[in-house]
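Structure first, then comments.
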Amino acid sequence: TEIYTLSLHDALPISFKDKCVSLCLFEQSLYILETEHVQIRTFQGTLKQTLTFLSAEGSPISLTHAGEYITVATTLGYIKLWHIGQREAKVHATSPNLTDKLEDFGEVILVRNSHDGSKVAFTVAQV
């Protein structure tokens, strides 16, 4: 992953090895969606925390951020919401398996959370 920090005067490349699918920023941290987990890193690349998923939940495929919350959807139909406003990210909520709740569920395409972490919206592909 190569990250560029932009200011009014310059752009400085910061590089470290990660397979980045998607990312978001919050305060002094990068939240990097990789193929099997989400890594939380400093802007210098130092690993602060890894958000993992059970094999029954599948791999993360969609990441979003609003307020002090990030939301991740997985390949097997779960949505997890973390509160990231403290030193470490803490699970705030986990959805039931969407394959059991939605007819013809294929996969989550896009997920979004509200600023206060009280609501999650998502779009799905149907089979």
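Quick look at the values:
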| item | result |
| --- | --- |
| Net lengthening on full extension, Lys90/His37 (0.36 nm per residue, minus Cα-Cα) | 17.6 nm |
| Within segment 79-100, backbone nitrogen closer than 14 Å to the virtual label 7 Å beyond the Cα of Leu54 toward Cβ | 79-80, 94-98 |
| The chain - charge dipole about Cα centre, Lys and Arg +1 at Cβ, Asp and Glu -1, debye rounded to 20 | 260 debye |
| Over the chain, relative contact order from alpha-carbon pairs under 8 Å, at least 6 apart, % | 15 percent |
| Top positive-direction residue, dipole computed over the chain with Cβ charges, set Thr99, Gly85, Gly67 | Gly85 |
| Taking N as its residue count, the alpha carbon Rg of the chain over 2.2 N^0.38 Å | 1.10 |
| Translational diffusion coefficient (Stokes-Einstein; Kirkwood radius from C-alpha pairs) of segment 54-127 at 25 °C, 0.890 mPa s, in µm²/s | 198 µm²/s |
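We did not get these values from a lab; they are worked out from the coordinates using the rules stated. All of these numbers come straight from a predicted model, not from anything done at the bench. Please note: Cβ atoms are built from the backbone with ideal geometry, for glycine as well, and neighbour counts cover all protein chains shown.
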